[in-house]
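The structure appears right after this line, and notes come after that.
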Amino acid sequence: MTAVEVRPEVAAPPAGTPYDRLKVVPARHPGRWVATALVAVVLAMVVHSLITNPRWEWDIVGAYLTERSIVHGVITTIELTLITAVLGFALGTVLALMRLSRSPLLQAVSWGYTWVFRSVPLILQLLLWYNLAYLYKSLDVGIPFGPSFFSFDTLSLIDKFGAAILGLGLHQAAYSAEIVRAGILSVDQGQHEAAASLGIPRRRQATRIVLPQAMRSIVPTAVNEVIGLFKGTSIVYVLALGELFYTVSVIYGRTQRVLPMLVVAAIWYVVLTTVVTVIQYYVERYYARGAVRTLPPTPLQRLRGNLTAGLTRVRALGRAR
Amino acid sequence: MTASPAIDTATRPGRVEVHGVRKAYAGVEVLHGVDLVVEPGTVTVILGPSGSGKSTLLRSINHLEKVDRGFVALDGELVGYRRKGDTLHELKEKELLRQRTRFGFVFQSFNLFPHLTALDNVVEAPVSAQGRPRAEVEAEARALLTRVGLAGREKAYPRQLSGGQQQRVAIARALAMTPAVLLFDEPTSALDPELVGEVLAVIEQLAEDGTTMIVVTHEIGFARRAADRVVFMDDGRIVESGPPEQVLDDPQHERTKAFLARVL
């Protein structure tokens, strides 16, 4: 067998100069420059109008942004979101496991729950829960069809906040159930088999083997849902509950400063969403353990990397000129 | 290699009996009544073309597949059932899981838990299924990983290991449960040729140590070196079985001859 002699590093340079002395000119992208310039102009126009148009009334935005009632509204929004997210995903996980169980009744109940709670509009559900006292004057804890031990007055148990939590949480559970179920189904069948062949107890299989792997596909969609909830809580203004949007609407109803108040609310929603997005990044990174050979960089590492890369490119450009 | 005569087969655990096992998927029968006895301390290699029912048989032995007819027994204890007089009671999931720990199973596609390190893969089952103290199991797991040639890779996640290394972790994971019988389902079929050797070397070492093993494989050379008995399957039946030199070098059945002519 003869060796093939066309190895580029030993082939002679055409003009007699060694390759390492040749000058490298980076490829040019004129189209990219034009597009960048266009977008920059549009951006500048937007910023300019935001600053110069007095009707944005930035002074009022600034004054109300951290006003007490607004901050109180923000806190209520956070409380509503966190409680309903936890309630929704806890119940959703139970529903997903019921749906995947081998009992036809559990499957049917889970399916039925999702069907009903996804079908009825959220606003309608909220009002239904708020008016539960009309259907049942008191709620009893006791033996089914038998005597009761405790009795609660429905009206005092389910106040505005309770109705909001119930409405949002139960509605969210229907969606969460599908997300969790999809996550569980995404785990390779071989994982179930390996766990079963090792005799790992059923519950441990779920918590240690299947769910941690399912989390990889659950987290991005779940965060979507939590972000949706942050904004979705604004719908409970129909119950006159003092969360962010209701508070803002009360203020602009009184002061007639509609636009600046909407901007105040928008800024807060953006802040909340940003916080969740940052948390998402780290949660995803945590569950990526073992799924990728090397973990993706943290935003800080990436920023540093981008800066160095940018600098290198600028330097290279300078050298090319 | 033949079983060492010093091994006392009467008291040693790991005797597997398969009686008239039948199994159908969606109405199509893939096992048409299989009988097989594996003596403790021996290595049985199951050969046969794809779709001949080898894997199904193996998976029936530790009840990953429920058989339609027939029985599997380990040391006289029925797998998947409890006998009370003349009636058989199907085991509950919990009892079944406990019974499965007596078999170690090594999969073609490794099926390591990707989110756990090599060490945690090995440690998980002895701790959660057998309730043994973690520290003790960890020390043992390290020794097992060393035994399969993976000392120093305890902290690696499966995806950071080569296929051959992953399969060796899977073998260590199965061994950690101190099973009576090890079942291998085409353990080298997902590996590139260079990595096959390192996995087979580990299995052959286990064979020399006298571990009871049933190995489904296409590696004829391995069968010749390590098997006490070679079983040839075709179309859901055992066509012939015997010592490797007999089945591999002097096959009696036409189907066996044809198969060996193609793979050798």
>> What percentages make up the Cα-Cα pair-distance distribution of the protein assembly as shown when the bins are 20 Å wide from 0?
In response: 15, 34, 29, 19, 3, 0
> If you line up the Cα atoms of the stretch B:1-138 on their principal axes, what length do they span on each, largest first, in Å?
Replying inline: 46, 43, 39
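Quick test of the membrane-span-like rule: which DSSP H helices of chain A reach at least 30 Å along their long axis (C-alpha atoms) with mean Kyte hydropathy at least 0.5? Could the numbers behind the result be given before it?
Working: long enough: A:30-52 (33 Å, 1.63); A:68-100 (47 Å, 1.52); A:160-185 (37 Å, 0.93); A:258-287 (43 Å, 1.37); A:299-320 (31 Å, -0.23).
The qualifying helices are A:30-52, A:68-100, A:160-185, A:258-287.
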> If each Cα of the stretch A:188-321 is one equal point scatterer, what is log10 of I(q)/I(0) from the Debye formula at q = 0.16, 0.18 Å⁻¹?
Replying inline: -0.94, -1.02
>> What percentages make up the Cα-Cα pair-distance distribution of chain A when the bins are 10 Å wide from 0?
In response: 5, 15, 20, 20, 17, 11, 6, 4, 1, 1, 0
>> Classify the stretch A:244-318 from the C-alpha gyration tensor, please: rounded if a/c falls under 1.5, else prolate or oblate depending on whether a/b exceeds b/c.
In response: oblate
> Nearest 0.05, what FRET efficiency do A:Val271 and A:Val24 give at R0 = 60 Å with Cβ-Cβ as r?
Replying inline: 0.85
>> Suppose each label sits 7 Å from its Cα in the direction of the beta carbon; what would the A:Thr66-A:Leu128 distance come out to in nanometres?
In response: 4.4 nm
>> Give the lysines whose C-alpha is closer than 27 Å to that of B:Lys23, dropping any in the same chain fewer than 8 places away, or say none.
In response: B:Lys54, B:Lys66, B:Lys84, B:Lys92, B:Lys94, B:Lys257
> Cα centroid distance between the stretch A:256-321 and the stretch B:44-121, in Å?
Replying inline: 49 Å
>> Once you compute Rg and the Kirkwood Rh from C-alpha atoms, what is the Rg to Rh ratio for chain B?
In response: 0.96
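So what is the calculated 222 nm ellipticity per residue for the protein assembly as shown, using -39500 (n - 2.57) for each DSSP H run with n of 4 or more, over all residues, to the nearest 500 deg cm²/dmol?
Working: 22 runs with 311 residues, N = 585.
It comes out at -17000 deg cm²/dmol, rounded to the nearest 500.
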> With point charges of +1 on the Cβ of Lys and Arg and -1 on the Cβ of Asp and Glu, referenced to the Cα centre of the stretch B:88-129, which listed residue (B:Leu112, B:Leu88, B:Pro126) lies farthest in the positive direction of the dipole?
Replying inline: B:Leu88
>> If you average the alpha carbon positions of the stretch B:168-185 and of the stretch A:139-165, how far apart do those two centres end up, in angstrom?
In response: 54 Å
> In the stretch A:83-186, which trypsin sites (Lys or Arg not before Pro) fall in coil by DSSP and have 11 or fewer other Cβ atoms within 10 Å?
Replying inline: A:Arg102, A:Lys137
> Within the stretch B:25-72, which trypsin sites (Lys or Arg not before Pro) sit in a loop by DSSP and count at most 11 neighbouring Cβ atoms inside 10 Å?
Replying inline: B:Lys66
> Hey, rough spin-label estimate for A:Ala240 and A:Leu311, points 7 angstrom out along Cα→Cβ, what's it come to in nanometres?
Replying inline: 6.1 nm
> Efficiency by 1/(1 + (r/R0)^6): what FRET value for B:Asp249 and B:Ser162, r their Cβ-Cβ distance, R0 = 51 Å, to the nearest 0.05?
Replying inline: 0.90
> Over all pairs of distinct alpha carbons, what does the Kirkwood formula give as the hydrodynamic radius of the stretch A:131-232, in Å?
Replying inline: 17.0 Å
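Read-outs throughout are calculated quantities, based only on the coordinates presented, and are distinct from any laboratory measurement. Please read these numbers as outputs of a predicted model, since none were measured by experiment. Because the Cβ atoms are built from the backbone with ideal geometry, glycine has one as well, and the counts that use them run over all protein chains shown.
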